[in-house]
1. Determine, yes or no, whether ASN292 is open to solvent by 10 Å² or more (accessible area, probe 1.4 Å), under 26 Å from VAL66 (Cα atoms), at pLDDT 95 or above and not charged (D, E, K, R).
2. Which members of the stretch 148-170 meet the condition of being assigned to a helix (DSSP H, G or I) and either of a type in the set (Phe, Trp, Tyr) or surrounded by fewer than 22 Cβ atoms within 10 Å (Cβ to Cβ) (or both)?
3. Return only the number of the condition from (1) more than 17 Å from LEU222 (Cβ to Cβ); (2) charged (D, E, K, R); (3) open to solvent by less than 10 Å² (accessible area, probe 1.4 Å) that ARG265 does not satisfy.
4. Could you grab me the full set of residues in the stretch 20-30 that are in contact with a Phe, Trp or Tyr (Cβ under 8 Å, 6 or more places away or on another chain) and crowded, with 20+ Cβ neighbours inside 10 Å?
5. Contact list please: Cβ distance under 9 Å, first residue in the stretch 106-118 and aromatic (Phe, Trp, Tyr), second residue at pLDDT 95 or above and open to solvent by 10 Å² or more (accessible area, probe 1.4 Å), pairs at least six apart or on different chains.
6. Looking at ALA109, ALA94, ALA102, which one is out of contact with any strand residue (DSSP E or B) (no Cβ under 8 Å at 6 or more places or on another chain) and surrounded by fewer than 24 Cβ atoms within 10 Å (Cβ to Cβ)?
7. Of all residues in the stretch 198-249, which are closer than 24 Å to THR296 by Cα and of a type in the set (S, T, N, Q)?
8. Limited to the stretch 246-299, what total is found for residues that are small (Gly, Ala, Ser) and more than 19 Å from GLU330 (Cα to Cα)?
Amino acid sequence: MALRGPFSRILRSKLGSCSQQTRAESVAVLGAPFCRGQKRGGVEHGPKVIRDAGLVERLSSLDYSVHDFGDLNFPLLEKDEPYMGVKFPRTVGAANKLLSGAVSRAVGAGHRLVMLGGDHSLAIGSVSGHARQCPDLCLIWVDAHADVNTPMCSPSGNLHGQPVAFMLKELKDKVRRLEATALQGFSLLQDDVLSVLQMPEIPGFSWTKPFLSSRDLVYVGLRDVDPGEHLILKNLGIQYFSMRDIDRLGIQRVMEVALDHLLGRKQRPIHLSFDIDAFDPSLAPATGTPVNGGLTYREGIYITEEIHNTGLLSAIDMVEVNPTLGASSEAVEATASLAVDVIASSLGQTREGAHASISVIPAVKSDTEQLCL
């Protein structure tokens, strides 16, 4: 990909202090077997099937020092009544607080982090823990869904559809002046719109505050966005690329624009949060909320290859692999293997193959010698 302008200059410049951590040769793998951010059981087994698909061996073959820290143990609260329609708020909040601390320690120790979910509500803890060490990070969210509902507009109340709303500073604003165009296509009164654009205090989440600006976020792969989420994306000016955009522009141009948007102003660490349902269900059938028309294998791997090529990737979430939803063992294995491919390509596996570095070009041999080799 030929890049020009500020982004190309950044890639030629020396990385900053926190960004240098993303160049470390060690990878920390952390399992988060958690399912209460949504209604389908089984997603808590995602970390195991991804490991069983050969994740640690694959990363080790890329010459990383891999430290598998096992799975976190999440307490389940006996009494956790819904709040404003949000289900299991205290349980999800406690799990993310625990995860945030673990992620912060791993990144602070100089590891690249691979977080294996579990459902996507875990991104609250994963990204916030990363931000504790690297407050200037940017976030690439690869997903069929925007996951930026607030409790005021969430159709389901499931927190795996709301994690980004907990991160955005703009959703804590008390007063917002809306442009008339932002209301087009919505049957909400202005007071209702204002409530959608504000994130209330939720029990279980007093430990975290918004830490991400809307300009520091890019979505790739969207194709199932709720009305309230669409309002938030448009009103906050969040950069996103739907599957229609990928069809129209091509994945190369999408990634060029996405990375220039995030890195064109300054170099900073990248957090990649990857929901396996970003792929078409024909490739990743073992997941809870599949949506037709998703990423092809080549598009998904190209996304991660380009992120790796920046040299700035610091942490990865891989979430929503649910082995209980696969119609067969082959479907589960295909989904888990795809998750491993995504993680490995994010960390340097290439489709050109792995080659030992050669410091000296060997002398040309005679035809006879060549035939004897």
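The values are calculated or read from the model by the stated rules, or taken from the named source; none is laboratory data. Quantities reported herein were computed from a predicted structural model and do not represent experimental measurements. Neighbour counts are summed over all protein chains in view; Cβ atoms, including those assigned to glycine, are modelled from backbone coordinates with ideal geometry. The protein model used for the area step is the full one, side chains on, heavy atoms only, and it has no ligands, DNA or RNA in it. Shrake-Rupley method; radii C 1.70, N 1.55, O 1.52, S 1.80 Å.
1. Working: open to solvent by 10 Å² or more (accessible area, probe 1.4 Å): yes; under 26 Å from VAL66 (Cα atoms): no; at pLDDT 95 or above: yes; not charged (D, E, K, R): yes.
When the stated conditions are applied, ASN292 does not pass them.
2. Keep residues of the stretch 148-170 that are assigned to a helix (DSSP H, G or I), which gives 159-161, 163-167, 169-170.
Result: PHE166, LYS169, GLU170.
3. (3)
4. We begin by selecting, within the stretch 20-30, every residue in contact with a Phe, Trp or Tyr (Cβ under 8 Å, 6 or more places away or on another chain); these are 25-30.
Of everything in the stretch 20-30, those that are in contact with a Phe, Trp or Tyr (Cβ under 8 Å, 6 or more places away or on another chain) and crowded, with 20+ Cβ neighbours inside 10 Å turn out to be VAL27, ALA28, VAL29, LEU30.
5. none
6. Numbers: ALA109 fails: out of contact with any strand residue (DSSP E or B) (no Cβ under 8 Å at 6 or more places or on another chain); ALA102 fails: out of contact with any strand residue (DSSP E or B) (no Cβ under 8 Å at 6 or more places or on another chain).
Within the list ALA109, ALA94, ALA102, the selection yields ALA94.
7. Within the stretch 198-249, GLN239, SER242 meet the criteria.
8. Residues of the stretch 246-299 that are small (Gly, Ala, Ser), as a first pass: 250, 258, 264, 273, 278, 282, 284, 286, 288, 293-294.
Filter once more, so that each one left must be more than 19 Å from GLU330 (Cα to Cα): 250, 258, 264, 273, 278, 293-294.
Residues flagged as small (Gly, Ala, Ser) and more than 19 Å from GLU330 (Cα to Cα) within the stretch 246-299 amount to 7.
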